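Trainee: This is the structure I have questions about; it appears just below.
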Amino acid sequence: MKSPVRVTVTGAAGQIGYSLLFRIASGDMLGNDQPVILQLLDITPAMEALEGVRMELDDCAFPLLAGVTCTDDPNAGFKDADYALLVGARARGPGMERKDLLEANAQIFSVQGKAINDHASRNVKVLVVGNPANTNALIAQRNAPDIDPRNFTAMMRLDHNRAMTQLAQKTGSSINDISHMTVWGNHSATQYPDLFNTHVGGKPAMDQVDQEWYETIFIPTVQQRGAAIIKARGASSAASAANAAIDHIRSWALGTPADEWVSMGVYSDGSYGIAEGLIYSFPCRCANGDWEIVQGLDVGDFSRERMRATEQELSEERDAVKHLLP
Ligand code: NAX
């Protein structure tokens, strides 16, 4: 048996946490030969609820769960972390402007970035789920100058999975027939789900759907799916978000299938003309615990315009918190 790895989860007492922790502990994320120690971080008022979650984890008697700690101290929470899933964030309250939300989260993610810098493993793999996820990831990354910026990522896998299913349902095919999906940009309504490189049953997706459906149904449905779930459920996506977080880390740690890729918010190196340093979603291939941006995809004018719009939004988010960035 391998030696245990340390997995920090923030916002662990929240609704995504409740769908996520049990799957990490059962081996869904890192494989059924990899023991884990869970380091659960939340804020002080949530400690009692978090203790209840710990009791339930105990009661599952998971063979792979080698320990659980609960804390409200980021320095303790990130100690020696090999993986860090930053789920906890400040939700938008009544009367809160977008700028206030960005600022409130900038405070949280700068503290957590510093704690990661000072206490986590040098190879820690960080996934930011808490919204605005891409900009929160940027803030954490900028506050962790001793860690490779490539180790900070933002979750786009829920958007990617949503797009896969919408396409499978439209074409009457199985999810297993869909490959080479890409969602570019920001985890927000400006994200751009791109079918121009996607395949259904090994053949180009755009030969199997019409442009009108693509533009007027598919793209807005994927972009607005989070809002549709809030409307229907009265609460935001939780189990599907937790599932996407598991998928994201699993792909990163254990690799993507040969010739396939997934969408990940990663540190832009300027690929496809996207400003360097933004945390932008690209098609990524993973192997040996590392990711690379897939190069050379077909980007026509239709795609270019949408990729730019979502890049523009990320630049504006970054500029809104510039005064808080080191
Ligand atoms: P909940 O409100 O149920 O839980 C959030 C938890 O975070 C609470 O327990 C809270 O006490 C904790 N928290 C707040 N500030 C914290 C801090 N400074 N340190 C540690 N913990 C802190 O929200 P939940 O539904 O679990 O969603 C969590 C986040 O995921 C939200 O920001 C949400 O917007 C975001 N989402 C991101 C998605 C994505 O695809 N990237 C999709 C799902 C989800 O909407």
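Trainee: List the residues whose amide H sits under 5 Å from the amide H of residue 125, counting only those 5 or more places along or on another chain, with H placed 1.01 Å from N in the peptide plane.
Mentor: Result for residue 125 returns 83, 84.
Trainee: Please give the length that would be gained between residue 171 and residue 91 if that part of the chain were fully extended, namely 0.36 nm times their separation in residues minus their C-alpha to C-alpha distance (nm, one decimal).
Mentor: Between residue 171 and residue 91, full extension yields an extra 25.2 nm.
Trainee: How charged is the neighbourhood of residue 51? Take every other residue with its Cβ under 12 Å from the Cβ of residue 51, and add Lys/Arg as +1 and Asp/Glu as -1.
Mentor: Here the charged neighbours net out to -4.
Trainee: Moving to a separate point now. Can you work out ³J(HN,Hα) from phi for every residue in region 196-212, in order, using Karplus 6.51 cos²θ - 1.76 cosθ + 1.60 and θ = phi - 60°, giving whole Hz and x for Gly and Pro?
Mentor: Ordered by residue, 3J(HN,Hα) equals 5, 10, 7, 10, 10, x, x, 10, x, 4, 5, 7, 10, 9, 9, 4, 5 Hz.
Trainee: Between residue 61 and residue 150, what is the label-point separation in nm under the 7 Å Cα-to-beta-carbon projection?
Mentor: So the label points at residue 150 and residue 61 sit 4.4 nm apart.
Trainee: Classify region 169-326: rounded, prolate or oblate, from the alpha-carbon gyration tensor (a ≥ b ≥ c, eigenvalue square roots; a/c under 1.5 rounded; otherwise prolate if a/b is larger than b/c)?
Mentor: rounded
Trainee: Per DSSP H run of n ≥ 4, the term is -39500 (n - 2.57); total these for the chain, divide by its residue number, and report the mean residue ellipticity at 222 nm rounded to 500 deg cm²/dmol.
Mentor: Per the formula, -12000 deg cm²/dmol.
Trainee: Modelled label-to-label distance, residue 316 and residue 107, 7 Å Cα→beta-carbon offset: nm?
Mentor: The two pseudo-label positions are separated by 2.5 nm.
Trainee: What number comes out for the charge environment of residue 27, summing +1 per Lys or Arg and -1 per Asp or Glu over other residues with Cβ under 12 Å away?
Mentor: Charge balance near residue 27 sits at +1.
Trainee: Assuming 0.36 nm per residue, please report the length gained on full extension of the stretch residue 1 to residue 239 beyond their Cα-Cα distance.
Mentor: Using 0.36 nm per residue and subtracting the Cα-Cα distance, I get 82.8 nm.
Trainee: Between region 159-225 and region 87-119, what is the separation of their alpha carbon centroids in Å?
Mentor: With region 159-225 and region 87-119 each reduced to a Cα centre, they are spaced 31 Å.
Trainee: Here's another thing I want to ask about it. Just subtract the alpha-carbon distance of residue 254 and residue 69 from 0.36 nm times their residue separation and send over the number in nm, one decimal.
Mentor: Between residue 254 and residue 69, full extension yields 64.1 nm more.
Trainee: Oh, and also: Taking the alpha-carbon centroid of each part, what is the distance from region 24-78 to region 274-323 in angstrom?
Mentor: Centre-to-centre distance over Cα atoms comes out at 33 Å.
Trainee: Carbon and sulfur atoms: what percent of the 1.4 Å accessible area of region 156-321 do they account for?
Mentor: Whole-percent figure for carbon plus sulfur exposure: 47.
Trainee: Still on this model: Given points 7 Å out from each Cα along the Cα-Cβ axis, report the residue 228 to residue 211 separation in nanometres with one decimal.
Mentor: Modelled inter-label distance: 2.4 nm.
Trainee: I would also like to ask the following. Whole-Hz ³J(HN,Hα) for each residue in region 122-128, computed from phi via Karplus 6.51 cos²θ - 1.76 cosθ + 1.60 with θ = phi - 60°, x for glycine and proline: what do you get?
Mentor: Computed from phi, the couplings for region 122-128 are 5, 9, 3, 9, 10, 10, 9 Hz.
Trainee: Quick one: accessible area per residue over the chain, 1.4 Å probe, rounded to a whole number of Å²?
Mentor: 42 Å²
Trainee: Okay, moving on. From the P(r) of the chain, could you give the percentage of C-alpha pairs in the tail past 36 Å?
Mentor: 15 percent
Trainee: So, by mean Cβ neighbours within 10 angstrom, what's the order for 118-125, 26-33 with the highest one leading?
Mentor: Per-residue mean Cβ counts within 10 Å order the peptides as 118-125, 26-33.
Trainee: If a/c stays under 1.5 just call it rounded; otherwise compare a/b with b/c (prolate if a/b is bigger, oblate if not). Do that for region 261-326, with a ≥ b ≥ c from the square roots of the Cα gyration tensor eigenvalues.
Mentor: The shape class here is oblate.
Trainee: List the pairs from 114/231; 79/99; 231/322; 2/125; 2/79 whose alpha-carbon separation is above 25 Å, in the order I gave them.
Mentor: Where the Cα-Cα span goes over 25 Å, the pairs concerned are 114/231; 79/99; 231/322.
Trainee: Using the Karplus equation 6.51 cos²θ - 1.76 cosθ + 1.60 (θ = phi - 60°), what ³J(HN,Hα) coupling, rounded to whole Hz, does each residue of region 155-166 give in order, writing x for Gly and Pro?
Mentor: Listing the rounded values in order: 7, 10, 5, 5, 4, 4, 5, 4, 5, 4, 5, 4 Hz.
Trainee: Where does the charge balance sit around residue 182 when Lys and Arg score +1, Asp and Glu -1, over other residues with C-beta under 11 Å from its C-beta?
Mentor: So the surrounding residues net to -3.
Trainee: Still on this structure, I have one more. Sequence-distant or interchain residues sharing an amide H contact under 5 Å with residue 187, placed H: which?
Mentor: Counting only residues 5 or more places away or on other chains, the set is 134.
The values are calculated or read from the model by the stated rules, or taken from the named source; none is laboratory data. The shown structure was predicted, so the numbers you read here are calculated from the model rather than taken from an experiment. Heads up, the Cβs are rebuilt from the backbone with ideal geometry, glycines too, and the neighbour counts pull from every protein chain shown. Heads up: the accessible areas ignore ligands, DNA and RNA and are worked out on the full protein's heavy atoms, side chains in. Shrake-Rupley method; radii C 1.70, N 1.55, O 1.52, S 1.80 Å.
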